[in-house]
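The values are calculated or read from the model by the stated rules, or taken from the named source; none is laboratory data. Nothing here was measured: the structure is a model prediction, and the numbers come from that model. Backbone-built Cβ (ideal geometry, glycine too); neighbour counts: all protein chains shown. These accessible areas exclude ligands, DNA and RNA; they are computed on the full protein's heavy atoms, side chains included. Shrake-Rupley method; radii C 1.70, N 1.55, O 1.52, S 1.80 Å.
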There are 6 protein chains.
Amino acid sequence: METFFLSTHHEIEVFERCYRNRLPLLLKGPTGCGKSQLVSTMANKLQVPLIKVACNEDTSSADLLGRFLIKGSETIWQDGPVTRAVREGCILYLDEIAEAREDVIVALHPLTDHRREIYLDRINEVVQAPANFMCVASFNPGYQKGFKELKPSTRQRFVNCVMTYLDPENETQLLIRLTGIDRPQAQKLIKLANKIRQMNELNLKETVSTRILVYASILMKDGMNPRRACSVSLAEVLSDDLEIIQSLKDLIDLSF
Amino acid sequence: METFFLSTHHEIEVFERCYRNRLPLLLKGPTGCGKSQLVSTMANKLQVPLIKVACNEDTSSADLLGRFLIKGSETIWQDGPVTRAVREGCILYLDEIAEAREDVIVALHPLTDHRREIYLDRINEVVQAPANFMCVASFNPGYQKGFKELKPSTRQRFVNCVMTYLDPENETQLLIRLTGIDRPQAQKLIKLANKIRQMNELNLKETVSTRILVYASILMKDGMNPRRACSVSLAEVLSDDLEIIQSLKDLIDLSF
Amino acid sequence: METFFLSTHHEIEVFERCYRNRLPLLLKGPTGCGKSQLVSTMANKLQVPLIKVACNEDTSSADLLGRFLIKGSETIWQDGPVTRAVREGCILYLDEIAEAREDVIVALHPLTDHRREIYLDRINEVVQAPANFMCVASFNPGYQKGFKELKPSTRQRFVNCVMTYLDPENETQLLIRLTGIDRPQAQKLIKLANKIRQMNELNLKETVSTRILVYASILMKDGMNPRRACSVSLAEVLSDDLEIIQSLKDLIDLSF
Amino acid sequence: METFFLSTHHEIEVFERCYRNRLPLLLKGPTGCGKSQLVSTMANKLQVPLIKVACNEDTSSADLLGRFLIKGSETIWQDGPVTRAVREGCILYLDEIAEAREDVIVALHPLTDHRREIYLDRINEVVQAPANFMCVASFNPGYQKGFKELKPSTRQRFVNCVMTYLDPENETQLLIRLTGIDRPQAQKLIKLANKIRQMNELNLKETVSTRILVYASILMKDGMNPRRACSVSLAEVLSDDLEIIQSLKDLIDLSF
Amino acid sequence: METFFLSTHHEIEVFERCYRNRLPLLLKGPTGCGKSQLVSTMANKLQVPLIKVACNEDTSSADLLGRFLIKGSETIWQDGPVTRAVREGCILYLDEIAEAREDVIVALHPLTDHRREIYLDRINEVVQAPANFMCVASFNPGYQKGFKELKPSTRQRFVNCVMTYLDPENETQLLIRLTGIDRPQAQKLIKLANKIRQMNELNLKETVSTRILVYASILMKDGMNPRRACSVSLAEVLSDDLEIIQSLKDLIDLSF
Amino acid sequence: METFFLSTHHEIEVFERCYRNRLPLLLKGPTGCGKSQLVSTMANKLQVPLIKVACNEDTSSADLLGRFLIKGSETIWQDGPVTRAVREGCILYLDEIAEAREDVIVALHPLTDHRREIYLDRINEVVQAPANFMCVASFNPGYQKGFKELKPSTRQRFVNCVMTYLDPENETQLLIRLTGIDRPQAQKLIKLANKIRQMNELNLKETVSTRILVYASILMKDGMNPRRACSVSLAEVLSDDLEIIQSLKDLIDLSF
């Protein structure tokens, strides 16, 4: 699941041009559409190590930049993941950047403009990013509606690349290669997924991700009844409302 | 109460397939329907040690992953319960996961995808989960209504298994085996419980759990008057509203 | 006031059966109806030491379970009151449990089910409760209305015993024995108290407790004018609204 | 201002009986009506030292009970003001108790019932109050309206003594003795004060305290024009609304 | 700007009488009307050193009273600015006192009544204020409207002195003496300022302060075009609303 | 991008006069209009080093002023960025000052009036700013609407300089010099940008910054299709609303 990605879109071009021109990149798209996979794939292809940071409102900038640790009678400085990414020239992947605290985002600003540096005030050191450092972030506009948004002064620091689910043929191939499921079953799953993805009337908070389909395929490949496999990895996951779960199960029954 | 579980549903199949395929599992169901019991039973059956973590909004990720402790003039690292579960290959049971703080959930993400690892930033160590590690979580959709919900990006990482109360015959047997109550009394209790479980008009926040019935059985077996036993372990527990308590007592009086 | 309790209800039976069967007990009732007195009396009768913890939202689980203290160059572990109660086999009385923080309640869960143990993560020790350990909690449903409630998953862990004020004859005897007041005065006080307790139209947040009557008796026994004694220990205590205070004083004037 | 108090009410009787019978006392009344003065006067009369604690929501129970202090390489325990009051047998005066945090109030509960003790969990010591210890609190019902109230379980632990402003003759004498102002001027001031105290239509948050009148007297005695003295110590203090200030100044002009 | 002040009001009399009679003083008035200048001027005149504390909700009482500092292996006590003011007999100026946290204000109460002392609980020391200590505070009623107000129990501890802008002739002289601007230009500026100060229909949050006029004078004296000088130091400062800025610029154009 | 700035406005005059007369300066304007560039350019021109501080609500005044650091057994003081700026005589640039916490702003007040000093209470030192110290802040009125505003007492301490986007010819030249794009392409981009900047009906939170245009130019110069370059650096960045993104793409298609 980690090492290949079937791009039918322009993501790879945008990623490579940003890397080459040292521009920060923001990946916009729904849960499980392959944002993390794209970053891993590109890190592999560009031969640059990858450091991933899951942003959330309880992370402090010390968690990211580093801190002093007391060991016995000594005090030693320990780089945080962002500092390591800058020092060693990695791709830094800030997952769900809109969840991060304001001070953390602001501390990362100098990394995302022409300066490409990070300032460690505790040890009074400026760390300059080497040529192979790249800053990538992810963002799910579906979540953030009128709630937690990136400030324009942060948003405008990134080139924005929209991502969505794979087209049916590619998504089918992905399932087969990742789980060993046979083609007809995979195709039924993809057809079911796309039917649900188009049904806005279900009012789901988030729709069927590729990850969900991988889970269903694994369970079916393992011998579970397809209807039960879809029920536990799909219908029960997407909603807690009994009527909506029933509608999803009806769709599953029509497919298998 | 810990060591046996009378499954009439598909929970055991789902649990075993997830364990075998290394998929995380979320148990969905009301209070006291046997989620914890299922996990203990399966841990026993699979011969894997169990570590349980009760999630709540005051737990920090350091509580779960570990921290440095100062002992005399030495500083020693102490693994938290999650780290121990990963290192030693246990079933990690995250009870009421929706109550956990966002940063804690996010720190557990790498455990719930193909990586199956945990990163301890304080000691800069990645701990890889062995084959017999499994992550199980519980979730009560009744509580969470429009209030505290799991983010879809977390929810879609788990296969979801719905659980509900045992059917009458199995629940009767369970009471007999756990408390030694005689069959006719047990049957009356189960009948009463199911009558209350179907009365939506009582508007109870949570209905009669199996745990409640075990308490009532213990007190009856100990010689307490059945009406009083049901009053203190059932009617007074389910509500503080005097009229609803009276309705519950009327139902109890009809049963005993 | 501590060492005797005139039960006319079933509290003592419920308490003893719970103690014998190792079930946790929740005492439900208004302020000053004798919940603490019942617990002291029973601790005395059962010959088990009593440890009382007043719950509130600023208490941390470290306050209850224990913490490391630095003394000179040494770090020593100090058990908190809950840990002491478990280790030494006491009755643990959690006063106003609904006021406690969620993480504290959750840390006490293993004490209230079949496990009967407490886990001290800082020193990685499980303390098993001996046979004479019992967990008792108190709860005032009048306060909690639609505000701070126990979660059903906590509530269903306790047998629930409702308590209310003593009947007139017993409450009269209690006043006489505790304060030495003479019977006619005591009877007038109890009559006044019960008149006020039935007047819902006064809309008092809490009505006349036995404690209040003890205070009034002490002041009357000391020689204070009964009307003044009732004014300072009863009318002015129950309300700050001038009209309601006047109504209460009118009732007092009718009594004395 | 500290050492005498002209009681025309029953406060002294109530205070003495509570002290003699070891009952906690709550003084209810508006700002500046003499609550603190009463406590000082009584402490003097009863020959018991006085310790005053101003309650507010930022005070922790460690601030009141005590804490460990690190001095050089030693750790020493330091009693807080409440602990000192209990150990040394003082009158403990909790000013504006309704402002205190819930955990602080709860920590003081054992001091206000038959136990009369305080528990210092950090050093695991119970300090028993000697006979001459007394707990007095103050409370201003005007502030607290529908906002920050004492819980009934706390309120019912205190005998309640209502206080209000002195009657005109006594308040006049007080001004003369405290500031040396001459009688006719003092009488004019008191008349003005009582006129304002009765004008509910001014909608003042708090009305003219005795403290305000002392300030005005001092400035007049020092030679300031009475109208200006009343303006700066009374009109400008009671309101920031220009129209209300003007009304107050008109009343002042009518008086002087 | 610091060392002279052209009083046309009664502020100096009120200040001196309060100093002489040891009464605390509160200066009420809009931003930039000269409150700080009055305090500096009087400190100079009375030959008492001045210590200024800018109050805000993030200042703790330890910041003001003092704290222990660890230096190498020693722990030393360091007085905060308030303690220094009391010990050394200074004028303590609490700027914008309504912004301070409740516990800070309460800790200062003993300084503002007959006790005139401060209690340092950490070192268990009472510091008595000498005769030349004076407590002055400032307060801007314009800000505080229905938002953050001083509690009456604090407010009534201060004599209140209202301040407003200087009259035109005095304000003109001030500009000339402070900045060297020539009289006709200064007069035009003052006329413009007073026109704006009277236009309530502009709905400005705060109107033209003397500070603003000093800035405009400095820039004009430096050779900047008067319209531009007024635009950058006045119009753009008072509002961000484009229409209001235009109205202000029209007024400026009419003046220069 | 750092070292030149094509001013067609009066910013340079205002900046220089403020520097010469030691007045603090506030730059008002939208995201990416060149506020930071102006400050860098002027620091260069005036030959004064520049220290930039990104304000946000999680920065404490210790972060800015300095703190004690423990290194081995020694405690050493480390100046924060503001203190360094004052000590060494730099231009201090407070980016987005309205985001800073109140206590931080207040701690900087003495730097922005005639005192021009900073007080370090931890080491009890006053640091006086040399002649070449200047305090510059930035502020975006678009963000702050009815939300987070500077208090007038802070605002009136700064001369205010409004900034907006460059005029078309200058902005075109800037793109060419910074990115090497050819003139016709640059002109098309600027024309597109100004069309969008005038369309209030799009209701964008922030409009096209110069930074965005630089990104688009870089990608076009690198060989990316202009429509795609504008899509990823402009349309997808300015909105997450599918209809608005489509409108922006239509405008892009009309331009290229």
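Tally time: how many residues in the stretch F:204-238 are of a type in the set (S, T, N, Q), in contact with a helix residue (DSSP H, G or I) (Cβ under 8 Å, 6 or more places away or on another chain) and either open to solvent by 10 Å² or more (accessible area, probe 1.4 Å) or more than 23 Å from residue A:18 (Cβ to Cβ) (or both)? Residues that pass the stated criteria total 3.
Note on the stretch C:99-118: residues that are farther than 14 Å from residue C:60 by Cα and either in contact with a Cys (Cβ under 7 Å, 6 or more places away or on another chain) or surrounded by 16 or more Cβ atoms within 10 Å (Cβ to Cβ) (or both) total 7. The set of residues in the stretch D:102-132 that are more than 25 Å from residue C:79 (Cα to Cα) and either part of a strand (DSSP E or B) or modelled with pLDDT under 90 (or both) comprises D:113, D:114. Taken over the stretch E:197-216, the criterion of being part of a helix (DSSP H, G or I) and either assigned by TED's automatic domain parsing to the domain that holds residue E:35 or within 13 Å of residue E:233 (Cβ to Cβ) (or both) is satisfied by E:210, E:211, E:212, E:213, E:214, E:215, E:216. The single condition among (1) open to solvent by less than 20 Å² (accessible area, probe 1.4 Å); (2) part of a loop (DSSP other than H, G, I, E, B); (3) not basic (Lys, Arg) that residue A:57 does not satisfy is (1).
Out of E:140, E:132, E:124, which single residue is out of contact with any Cys (no Cβ under 6 Å at 6 or more places or on another chain) and at the interface with chain D (Cβ under 9 Å from one of its Cβ atoms)? So that I can check it myself, show each step before the final result.
Details: E:140 fails: at the interface with chain D (Cβ under 9 Å from one of its Cβ atoms); E:132 fails: at the interface with chain D (Cβ under 9 Å from one of its Cβ atoms).
The match here is E:124.
Every residue in the stretch A:155-176 that is more than 14 Å from every other protein chain (Cβ to nearest Cβ) and outside any loop (DSSP other than H, G, I, E, B), please.
A:168, A:169, A:170, A:171, A:172, A:173, A:175, A:176
One residue is enough: does the stretch D:177-185 have a residue meeting the conditions away from every other protein chain (no Cβ under 12 Å), among the aliphatic types (A, V, I, L, M) and touching a Leu at 6+ places or on another chain (Cβ under 8 Å)? Yes, the conditions are met somewhere in the stretch D:177-185. Residues of the stretch B:11-29 that are of a type in the set (D, E, K, R) and assigned to a helix (DSSP H, G or I): B:11, B:13, B:16, B:17, B:20. Pairs linking a residue in the stretch B:200-217 that is touching a residue at least 60 places away in the same chain (Cβ under 8 Å) and at the interface with another protein chain (Cβ under 9 Å from one of its Cβ atoms) to a residue that is outside any helix (DSSP H, G or I) and buried (at least 21 other Cβ atoms within 10 Å of the Cβ), with Cβ atoms under 6 Å and 6 or more positions apart or on different chains, are B:206/B:31; B:209/B:31; B:209/B:32; B:209/C:156; B:211/B:32; B:211/C:156; B:212/C:156. If you go through the stretch B:60-92 and pick out every residue that is part of a loop (DSSP other than H, G, I, E, B), at pLDDT 80 or above and more than 19 Å from the chain's Cα centre (by Cα), you end up with 2.
Does the stretch B:221-239 include one or more residues that are at pLDDT below 90, under 23 Å from the mean Cα position of the chain (by Cα) and assigned to a helix (DSSP H, G or I)? The answer is no, given that none of the residues of the stretch B:221-239 is at pLDDT below 90, under 23 Å from the mean Cα position of the chain (by Cα) and assigned to a helix (DSSP H, G or I). Residues in the stretch E:177-203 that are of a type in the set (Val, Ile, Thr) and under 22 Å from the mean Cα position of the chain (by Cα): E:179, E:190, E:196.
Hey, does the stretch E:154-163 have a residue that's without any contact (Cβ under 8 Å) to a residue 60 or more places away in the chain and assigned by TED's automatic domain parsing to the domain that holds residue E:108?
Taking the stretch E:154-163 first, the residues without any contact (Cβ under 8 Å) to a residue 60 or more places away in the chain are E:154, E:156.
Checking which are assigned by TED's automatic domain parsing to the domain that holds residue E:108 leaves us with E:154, E:156.
Yes, the stretch E:154-163 contains a residue that is without any contact (Cβ under 8 Å) to a residue 60 or more places away in the chain and assigned by TED's automatic domain parsing to the domain that holds residue E:108.
Beta carbons closer than 8 Å, at least 6 apart along the sequence or on distinct chains, pair a first residue in the stretch A:88-108 that is under 18 Å from residue A:134 (Cβ atoms) and of a type in the set (Val, Ile, Thr) with a second that is modelled with pLDDT under 90 and open to solvent by 20 Å² or more (accessible area, probe 1.4 Å) for A:105/A:151.
Taking the condition open to solvent by 40 Å² or more (accessible area, probe 1.4 Å) and more than 29 Å from residue C:97 (Cα to Cα), does residue D:84 pass? Can you show your working first?
Numbers: open to solvent by 40 Å² or more (accessible area, probe 1.4 Å): yes; more than 29 Å from residue C:97 (Cα to Cα): yes.
When the stated conditions are applied, residue D:84 passes them.
From the list C:137, C:186, pick out the single residue that is open to solvent by less than 20 Å² (accessible area, probe 1.4 Å), more than 25 Å from residue C:228 (Cα to Cα) and of a type in the set (Gly, Ala, Ser).
Result of the check over C:137, C:186: C:137.
Residue check: residue E:79 meets all listed conditions (1) within 11 Å of chain F (Cβ to nearest Cβ); (2) in contact (Cβ under 8 Å) with a residue 24 or more places away in the chain but one, namely (2).
For the stretch F:41-54, the set of residues classified as within 14 Å of chain A (Cβ to nearest Cβ) and open to solvent by 30 Å² or more (accessible area, probe 1.4 Å) consists of F:49, F:50, F:52, F:54, listed by residue number.
Residues in the stretch A:1-40 that are under 20 Å from residue A:170 (Cα atoms), at pLDDT 85 or above, more than 14 Å from chain B (Cβ to nearest Cβ) and open to solvent by 20 Å² or more (accessible area, probe 1.4 Å): A:12, A:13.
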